[in-house]
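Just below is one structure, and these are the notes that go with it.
The values are calculated or read from the model by the stated rules, or taken from the named source; none is laboratory data. Please read all numbers here as calculations on a predicted model, not as lab measurements. Neighbour counts run over all protein chains shown; Cβ positions are idealised from the backbone, glycine included. Just the protein is used for accessible areas: all its heavy atoms, side chains included, with ligands, DNA and RNA removed. Shrake-Rupley method; radii C 1.70, N 1.55, O 1.52, S 1.80 Å.
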Amino acid sequence: MKTSWIDAVDYLDARSLLLQGELVAFPTETVYGLGADATDSQAVSKIFKAKGRPQDNPLIVHVADINQAKEWLRDIPPKALELMDYFWPGPLTIILPVEKGRFAPEVTAGLSTVGVRMPDHELARKLIKSVNRPLAAPSANLSGKPSPTRPDHVWHDLSGKIAGIIDGGPTGVGLESTVVELSPQTDKLTILRPGGISKEDLAKRVDHVIYDVSLNDHSHAPKAPGMKYKHYSPKEKVYLVTEDWGLALTKILKESQNIGILANDKIIQQYGDKAVATYSLGQADDVISASHQLFNGLRYFENTRAQVILAETFPRKGIAMAYMNRLEKAAGFKTI
Ligand code: TXA
Ligand code: MG
């Protein structure tokens, strides 16, 4: 299949493709999504095929506004509406009960719930509105690879397999949305996947916010099916640097001479001469910039001589919880 590169102004071309049951990648504020009409079973099946995605991993449904969410998901609990009002548009996916038959069965992967979000990206919302129905969209990468934060990442992974890619430039947040489940009886909120909206942000609106136990204790099975898979992995080996960079480099140089450093400017300035390639996450202590750069950074080393990547870590709070979650998976939890 020939993949069309679609300029943002020509987004109505993407609309036509979607209405014909084809797949189009589009930008959101988090990462690029691989969109299909959420009501079209054949179209949604193509997503799983193009990505090589396991069938038991449900998709997030994207809406243009709160009214569209209300139209497609009746009886939304009041607390969920409150969260939508406050955090939408934005990187918050809310898992809600859904009637059977509302969406293509492949969207929910057999569950009685669906994840919904309204992206904080005008082009994404215009596209959804023009199609006049929700779009099912996972991140537009091959399963297991880092999520795409630029249209060329999507091209690299999926050209020839999907109908189109809308070029919306680099995405903003750079990490995927926070996925939360609301307990209807208690209004307790459980974070299944940390993301752009932090636990601290959520705690301003909800009395009880907790992390799914699997996020802190890896012996527990995660509640979001997608969280159990190996993910975000470049082909190089990745290590999290949790101690002194000088010591880490001395240790790792015994394993390989071809080291890549994924860290802030200061670390690169100090230790860059020991590496065959470096990628800057931004200034020191800037976790927003590091999150924005992480996936591009993980992909960057593919075209370098680096065989081992040493990556910077952050204390686990705020959005750093999401940064660390993605990086740990990329590293297969290997630390040095
Ligand atoms: O920022 C994002 O969320 C991006 C953009 C494109 O919107 N999308 C994204 O989709 O990251 P995906 O498919 O890569 O990740 C969706 C995650 C998976 O871990 C999946 O298992 C979980 O959400 N999920 C979806 N529906 C669920 C449900 N009903 N119950 C529990 N987890 C669910
Ligand atoms: Mg994904």
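Report the net charge of residues surrounding Gly282, where surrounding means a beta-carbon distance below 15 angstrom and charges are Lys +1, Arg +1, Asp -1, Glu -1.
Neighbour charge sum, excluding Gly282 itself: -3.
For the chain, calculate the relative contact order in percent as a whole number, restricting contacts to Cα pairs under 8 Å that are 6 or more residues apart.
19
Can you put Glu99, Glu236, Glu302 in order of accessible area, largest first, using a 1.4 Å probe?
Glu99, Glu302, Glu236
Stokes-Einstein at 37 °C, 0.692 mPa s, Kirkwood radius from Cα pairs: D for the stretch 182-223 in µm² s⁻¹?
This corresponds to a translational diffusion coefficient of 301 µm²/s.
Need one number: nm distance between label points at Thr186 and Thr113, each 7 Å from Cα along Cα→Cβ, rounded to one decimal.
Placing both labels 7 Å along Cα→Cβ, they lie 1.3 nm apart.
Using a 1.4 Å probe on the protein heavy atoms only, what accessible surface does Arg299 show? Give it in Å² to the nearest 10.
Counting only protein heavy atoms, Arg299 exposes about 30 Å² to solvent.
Mean-square fluctuation check for the chain, GNM, Cα pairs under 10 Å: which of His220, His62, His292 is largest?
His220
Using 7 Å Cα-to-Cβ label points, what is the Ser41/Asp273 separation (nm, one decimal)?
It works out to 6.5 nm between the two label points.
So what does log10 I(q)/I(0) come out to for the stretch 245-336 at q = 0.21, 0.23, 0.24 Å⁻¹, using the Debye formula with one equal point on every Cα and no solvent?
Each listed q corresponds, in turn, to -1.06, -1.27, -1.37.
Subtract the Cα-Cα distance of Asp285 and Lys126 from 0.36 nm times their separation in residues, and report this length gain in nm to one decimal.
53.7 nm
Which value in Å is the Kirkwood Rh of the stretch 111-164 over different Cα pairs?
By the Kirkwood definition, the hydrodynamic radius is 13.0 Å.
In whole Hz, what ³J(HN,Hα) sequence does the stretch 218-230 give by Karplus (6.51, -1.76, 1.60; θ = phi - 60°), x for Gly and Pro?
The phi angles translate into 6, 7, 8, 6, x, 7, 8, x, x, 6, 8, 8, 4 Hz.
If amide H atoms are built 1.01 Å from N in the plane of the peptide, which residues on other chains or at least 5 residues away come under 5 Å of the amide H of Ser4?
Gly164, Ile165
Size of the dipole of the chain about the Cα centre, Lys and Arg at +1 and Asp and Glu at -1 on the beta carbon, nothing else charged, in debye to 20?
Dipole size: approximately 820 debye.
Could you list which residues have their amide H under 5 Å from that of Val238, counting only those 5 or more apart in sequence or on another chain, with H placed in the peptide plane?
For Val238, the qualifying residues are Ile309.
So what are the stretch 199-266's ellipsoid semi-axes, whole angstrom, largest first, if each one is the square root of 5 times an eigenvalue of the alpha-carbon gyration tensor?
Working from the Cα gyration tensor, I get semi-axes of 33, 18, 12 Å.
Would you mind calculating the gained length between Asp85 and Lys235 on full extension (0.36 nm times residue separation, minus the Cα-Cα distance), in nm to one decimal?
Value of the extension gain: 49.9 nm.
Taking all protein chains as present, what is the carbon and sulfur share of the accessible area of the chain, in % to the nearest whole number, probe 1.4 Å?
Summing carbon and sulfur atoms, their accessible area is 49 percent of the total for the chain.
Given 4 °C and 1.567 mPa s, compute D for the stretch 157-306 with the Stokes-Einstein relation, Rh being the Kirkwood radius over Cα pairs; round to the nearest whole µm²/s.
Calculated translational D: 71 µm²/s.
If you count, for each residue, the other Cβ atoms within 10 Å and average over each peptide, how do 197-205, 43-51, 168-176 line up from highest to lowest?
Averaged packing, sorted descending, gives the order 168-176, 43-51, 197-205.
Please say if the stretch 1-76 is rounded, prolate or oblate, where rounded means a/c under 1.5 for a ≥ b ≥ c the square roots of the C-alpha gyration tensor eigenvalues, and otherwise the choice is prolate for a/b larger than b/c and oblate otherwise?
Since a/c reaches 1.5 but b/c is at least a/b, the shape of the stretch 1-76 is classed as oblate.
Taking +1 at the Cβ of each Lys and Arg and -1 at the Cβ of each Asp and Glu, which of Gly33, Asn258, Gly196 sits farthest along the dipole of the chain towards its positive end, judged by Cα position relative to the Cα centre?
Farthest towards the positive pole: Asn258.
Which pairs break 21 Å Cα to Cα here: Lys51/Lys329; Lys199/Lys230; Lys70/Lys126; Lys2/Lys228; Lys51/Lys235; Lys2/Lys129?
Result: Lys199/Lys230; Lys2/Lys228; Lys2/Lys129 exceed 21 Å.
Output the Cα-based Rg and Dmax of the chain in Å, rounding Rg to one decimal and Dmax to a whole number.
Values for the chain (Cα only, Rg and Dmax): 19.8, 60 Å.
Using only protein heavy atoms and a 1.4 Å probe, report how much of Thr186 is accessible, in Å² to the nearest 10.
Roll a 1.4 Å probe over it and Thr186 shows about 80 Å².
Once you have a ≥ b ≥ c as the square roots of the Cα gyration tensor eigenvalues for the stretch 32-100, tell me rounded if a/c is under 1.5, and otherwise prolate or oblate according to whether a/b is larger than b/c.
The shape class here is prolate.
Given the stretch 18-174, report the % of alpha carbon pairs whose separation exceeds 20 Å.
Distances greater than 20 Å cover 44 percent of the Cα pairs.
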